[in-house]
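Read the structure below first, then the notes.
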Amino acid sequence: MANAFTIYWGATGWHGYVPGDPLLGAGNSDFIGKISPGDRVYVTNIAGGVLRLLGAFTVDRITTASEGRPPGVTWEAKEYLWPEASSATSFAFRALSLELVTSLRFEGGADQVAMDRHAPGKVERNAMRAIRRLTPASAQALEEALTTAAVVPDTPADKRSRERLPAELLRQVTPDLIFASIAALLNGALHEFGESTDYDLITDEGLRLPPKAVFGLALARALHRQILPKHFSAGEGSACFRLLREAGYHIVPKGEMVPADIENDPDTNEISLDTYPEGGKLLRQHIGRERKPAAALAKKADFIKKHGRLFCERCQADPVEIFGSEHGEACIEVHHARVQVSHMPENHQTRLEDLQCLCANCHRFVHRLLRRGLPITAN
């Protein structure tokens, strides 16, 4: 038997939609196991303490991100709901009456909509964020509200959300662009982003920078246009934070201790625009002194942009071709061609052109030559 559920869209959930557009589906991280094909889904949102019904559709199928997303859906998610043909309503801000809101009942967990204890008649702002199964009577009430509830204008927050860039544009930010943007910020580059209020990005040297400013400058480089704070969101769960972390950086709440594998080194000296202080002490609990991940990831991203693939600059080996798998890229390591990491002074400044992409064999061979003081030939 089909069930009915409410799901929640935050301020960016309807990016690209304008009132009257049909709903194209939904994305989240925990649909599977809760919602099934044939179930009816009601999309909700809360603004100013008012519960709004944005639309509804019947689920045709559920896929993971690797299996594809519904046509026209641009936002990133682990799982997607696909609507049955002709089952989706139009997108609109339908304000639900207080009488209807207080009558809604749910199965499992809290059985009512939580109200704000400090604002009588207002819905608690997180009341609908979980996937909630409706009783049949409440599902029928929401179905009727799709056509009877008052359609209200969008709020200033709704308008701001439409100015945000879609996920496919944010994904154009690569580690090498983040690397260059950090260097620019340390060099005093001007930008439209204020100081961070809740989180810090920790560089390899333990310096703290505003994550949104780092990402904004990198996005401007990727898209070759001015980027403002309104163009994307930051915070936990955002594409901004995910891409910064994938580039090798830690993001921590303000006041939180720096992760144990990073040592603060506030003495950056003077940083030129496209360099990054990369050779300070780095504690590791395994043998030797490792490459710092952000610089290595940035070099690989830059190398792929220039050459289309990763290969060894010394022996020309292409591990992807050798092993017949994209996982062969793990065999390419980043070597500091001008000075060994273990010999770097505290204020060493690294440019991407100082680094080489080497296969694991060549990397170890070169390090053996360095340790023994032998000359390194080109081949």
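The values are calculated or read from the model by the stated rules, or taken from the named source; none is laboratory data. Small disclaimer: the values here were computed from a predicted structure and weren't measured. Methodologically, a virtual Cβ is constructed for each residue, glycine included, from the backbone with ideal geometry; neighbour enumeration extends over all protein chains shown. Areas reflect the complete protein model, heavy atoms only, side chains present, ligands, DNA and RNA absent. Shrake-Rupley method; radii C 1.70, N 1.55, O 1.52, S 1.80 Å.
Pull up all non-local amide H partners of T44: gap of 5 or more, or a different chain, and H-to-H distance under 5 Å with H placed in the peptide plane. When sequence neighbours closer than 5 places are left aside, the close amide H contacts are I7, Y8, W9, L54.
Remark: spin-label model distance K306-A2 equals 5.7 nm, labels positioned 7 Å along the Cα→Cβ axis. Taking all protein chains as shown and a probe of 1.4 angstrom, T63 keeps an accessible surface of around 10 Å². Shown are S29, S66, whose ranking by accessible area with a 1.4 Å probe and every protein chain present, most to least, is S66, S29.
Here r is the Cβ-Cβ distance between I32 and N361 and R0 is 45 Å; the resulting FRET efficiency, rounded to 0.05, is 0.60.
Taking Lys and Arg as +1 and Asp and Glu as -1, the other residues whose beta-carbon sits under 14 Å from that of T102 total -2. Label zone (T135, point 7 Å along Cα-to-C-beta; backbone nitrogen cut-off 20 Å) within the range 105-121: 105-115. Only Cα sites of the range 1-96 enter the Debye sum here, all with the same form factor; the resulting log10 I(q)/I(0) across q = 0.13, 0.18, 0.19 1/Å is -0.40, -0.78, -0.87, listed in q order. With all protein chains in place and a 1.4 Å probe, the accessible surface of the range 191-256 carries 47 percent carbon and sulfur.
The candidates M115, M128, M257, arranged from most to least accessible area with a 1.4 Å probe in the full protein assembly, appear as M257, M115, M128.
Under a 1.4 angstrom probe, counting protein chains only, how are R368, R314, R164, R133 ranked by accessible area, largest first? Before the final figure, lay out the partial values.
Details: R368 110, R314 30, R164 60, R133 90 Å².
Ranking R368, R314, R164, R133 by accessible area, largest first, yields R368, R133, R164, R314.
With a cut-off of 11 Å between beta carbons, the residues surrounding T6 carry a summed charge of +4, where Lys and Arg count +1 and Asp and Glu -1. Counting only protein heavy atoms and using a 1.4 Å probe, the accessible area of E246 comes to about 110 Å². Neighbours of G38, meaning other residues whose beta-carbon lies under 12 angstrom from its beta-carbon, give a summed charge of -1 when Lys and Arg score +1 and Asp and Glu score -1.
Under unit Cβ charges (Lys, Arg +1; Asp, Glu -1), what dipole magnitude, rounded to 20 debye, does the range 164-218 have relative to its Cα centre? Show your work: numbers first, answer last.
Details: 4 positive and 8 negative charges, 35 e Å.
Approximately 160 debye in magnitude.
In the range 8-80, a dipole from Cβ-located charges (positive for Lys and Arg, negative for Asp and Glu) runs towards its positive end, and of G27, I46, G68 it is I46 whose Cα lies farthest in that direction.
Globularity index of the range 56-161 is 1.22 (Cα radius of gyration / 2.2 N^0.38 Å, N = number of residues).
Reported value for the range 15-62: 107 Å³ per residue, from the convex hull of its C-alpha atoms. Rounded to the nearest 10 square angstrom, L100 shows an accessible area of 30 square angstrom against a 1.4 Å probe. Volume per residue for the range 159-215 equals 104 cubic angstrom (convex hull of Cα atoms).
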